Amino acid sequence: MEIEDVKDTVKQIFTEYLKMNGHRKTPERYAILDTIYSIDGHFDVDMLYSRMKDHENFRVSRATLYNTIILLINAKLVIKHQFSSSSQYEKSYNRDTHHHQICMQCGTVMEFQNEALQSVIENTKLTRFQSSHYSLYIYGICAKCDRKNKRKKKNNNPKKEK
């Protein structure tokens, strides 16, 4: 699906959600939705705020961003992630299922797909529970930090000369 088609579809979904729940349909909310669906990958409120600041027609407060993100989460158009101490978000419409690897040293979040893992999770029978979606986070050390740690250890422990 083309990006403009996706944006039109999510705008329709959001409009229906706002209408059904008695919320106002403001130009700022639609500008925030459009900006979010222009971002590839994860974002936080600071990143969204700076992107919105660059937008000539819509200067929005952080409070408006937070409130709109909550509406978008409830409309199932945005997913909230809690990677370490900060909240990150990502668009959810028309996205492939993916998992996350989080480096505990540098905080880098890497997405990966694994069909076998996805199949096992989706085919797991849950007792008295109807799942709608899932997130998988794997915490560890990325290859870059691992190499840096090994170099640092090697430099701190030089071989003793005889």
Review point. With respect to K76, is the statement that it is closer than 21 Å to Y134 by Cα, outside any strand (DSSP E or B) and not aliphatic (A, V, I, L, M) true?
Key: yes
Check your understanding: Can you tell me which residues in the stretch 16-54 are farther than 30 Å from M110 by Cβ and either loosely packed, with under 14 Cβ neighbours inside 10 Å or touching a Lys or Arg at 6+ places or on another chain (Cβ under 6 Å) (or both)?
Key -> E16, L18, K19, M20, N21, G22, R24, K25, P27
Practice item. Count, please, the residues in the stretch 55-75 that happen to be out of contact with any helix residue (DSSP H, G or I) (no Cβ under 8 Å at 6 or more places or on another chain) and surrounded by 14 or more Cβ atoms within 10 Å (Cβ to Cβ). Key: 2
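Each value in this text was obtained by applying a stated rule to the coordinates, not by laboratory testing. As the structure is a prediction and not an experimental result, all values here were calculated from the model. Positions of Cβ are backbone-derived with ideal geometry, glycine not excepted, and every protein chain shown enters the neighbour counts.
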